[in-house]
Amino acid sequence: MLKRVAILANGGDVSGFNAVIRAIVKTAEENNIECLGFIDGYNGLLKNNYIKLSTATNASGILPKGGSIIGSSLNANVFNYKVIDENGNVSYQDLSEKCVQNVKDDEIDCIFTLGGDSTQKSARDFTLRGLKVIGVPKTIDNDVACTDITFGYNTAVSVATEAIDRLHTTAETHNRILCLEVMGRFAGWIALESAIAGGADVALIPEIPYDINKVVEAIKHRQAMGKNFGIIVVGEGAKPIGGEMAVVATRDGGAGVINTQLGGAAQRVAKEIEELTGITTRTTTLGYMQRGGTPTAFDRVLSTKYGAKAMELAMNGIFNVLTVLKGGKLSYVPLEDVVGDNKKVGAVQGGTAESNVRLVTMDDDLVKTARDIGICLGD
């Protein structure tokens, strides 16, 4: 019998965090189960910093609210945690056993981990320490393995699509090429789907290294039809053939966390296009606009389904799994499947040979659709 469960939200914020939290709490309350929320993700788990969640108080009215009422941690790898002593010396330590002890002391029967690939990698690693965990797939990038869609993604695509709609009017009025840079890191889901939804002319994604000359050909083809403007959607991880992703900053945050900040992919594309075509070309970077604000109706429903399903799994004694949506049906897969070949304990960031992120494949319907309607993918 479950008596007490806990939720932690980890990684970059997305619209839908609170909807998942609400669904878990409401389902728990319907079954007389107490629900806690660790503050700031794995940091809260390490510091044993939590609050009680209740729809009578703090978990009420949060369905349309962006962000997370229990915060979220970025780059908190408790298996390789950054520690600074009184002299300012930095070391990295495995503090996972402290987290395990906190869960035991708090008499928590199950932890729900709301996060992306690195979050679920740490979740899997905690199962090896004896904890009972159920993951819920979150990220605007839509790159968590084993599920068709993550919560937060649809809202990000909707924001990007609205931006494309607005850019169209300026591009057409002033006969310009406008490049929109969107998030996604190593995955091109946001760029590709928003390009289709917004009627863009070119979509450059990380999975297809681009030839700038192919992009120019697409622009000149439009010119031949009397259209002296265009919209190009650029995923932040897009790169030219033989080139690298555009990086604006790096840091030393230790192993297993994201140490590179992507940015500048659209500026690189715009500069080359203007040089090669002579058409004035400008860029817009959406950045955190894609993460914030109220979730779409789709994400509210998806998040609620995920949260309720996660609590249902816990009550049925099914642990150490990730809730997923496959073929339109809610289900679950072992966290081991989500981890894939990354068997080493300690989170590994996405986009590496050891990670198991879900990328756009060339046989995906989105790729086929984009090609069918004449969107240039740079190849």
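Just so it is clear, none of the values below were taken in a lab; they were calculated from the coordinates. Please read all numbers here as calculations on a predicted model, not as lab measurements. All Cβ positions, even for glycine, are placed from backbone atoms using ideal geometry, and neighbour counts span all protein chains on display.
With the simple model of a label 7 Å out from the Cα in the direction of the Cβ, Asp148 to Asp337 spans 1.5 nm. Determine the sum of side-chain charges near Asp299: Lys and Arg each +1, Asp and Glu each -1, restricted to other residues whose C-beta is under 11 angstrom from that of Asp299. Counting the neighbours of Asp299, the net charge comes to +3. One quarter of the convex hull surface built on the alpha carbon atoms of the range 106-149 amounts to 3.3 nm², the projected area averaged over directions. Here the chain is assigned +1 on the Cβ of each Lys and Arg and -1 on the Cβ of each Asp and Glu. Its dipole about the Cα centre then comes out at about 560 debye. If you take the Cα centroid of the range 236-311 and the Cα centroid of the range 126-166, the two points sit 14 Å apart. Taking GluC sites (Glu not before Pro) as candidate sites, keep only those in a DSSP loop with at most 13 other Cβ atoms within 10 Å, then name the longest stretch of the chain containing none of them. Longest stretch, sites excluded: 108-243.
Based on the convex hull around the alpha carbon atoms, the chain presents an average projected area of 19.6 nm². Between the C-alpha center of the range 18-58 and that of the range 189-228 there is a gap of 44 Å. Between Asp379 and His221, the simple spin-label model (points 7 angstrom out along Cα→Cβ) gives 1.6 nm. The trypsin sites (Lys or Arg not before Pro) of the range 206-281 that DSSP puts in a loop, and whose beta carbon has at most 14 other beta carbons within 10 Å, are Lys227, Arg251.
What does the extension gain come out to for His174 and Lys52, with contour length at 0.36 nm per residue minus their alpha carbon separation? Result: 38.4 nm gained on full extension. Considering only alpha-carbon pairs that sit under 8 angstrom and 6 or more positions apart, the relative contact order computed for the chain is 22 percent. I need to check one value: relative contact order of the range 1-114, counting alpha carbon pairs closer than 8 Å and at least 6 residues apart, in percent. Computed over the range 1-114, the figure is 37 percent.
Antiparallel beta bridges, as assigned by DSSP with both residues in the chain, represent about 35 percent of the total such bridges.
Evaluate the distance, in nm, between pseudo-label points positioned 7 Å from the Cα of Asp372 and of Ala249 along their respective Cα→Cβ axes. Result: 4.3 nm between the two label points. For the range 125-143, the residues whose backbone nitrogen is under 20 Å from a point 7 Å from the Cα of Thr260, taken along Cα to Cβ, are 140-143.
Only helical runs count toward this figure. For the chain, summing -39,500 (n - 2.57) over DSSP H runs of n ≥ 4 and dividing by all residues gives -11000 deg cm²/dmol at 222 nm.
Volume per residue for the range 265-379 equals 200 cubic angstrom (convex hull of Cα atoms).
Computed from backbone phi with θ = phi - 60° and the Karplus coefficients 6.51, -1.76 and 1.60, the 3J(HN,Hα) list for the range 132-142 is 9, 10, 10, x, 10, x, 10, 3, 5, 6, 6 Hz; x is used for glycine and proline.
Close amide H pairs (under 5 Å, H built 1.01 Å from N) link Val182 with Val234, Gly235, Glu236, residues at least 5 positions away or on another chain.
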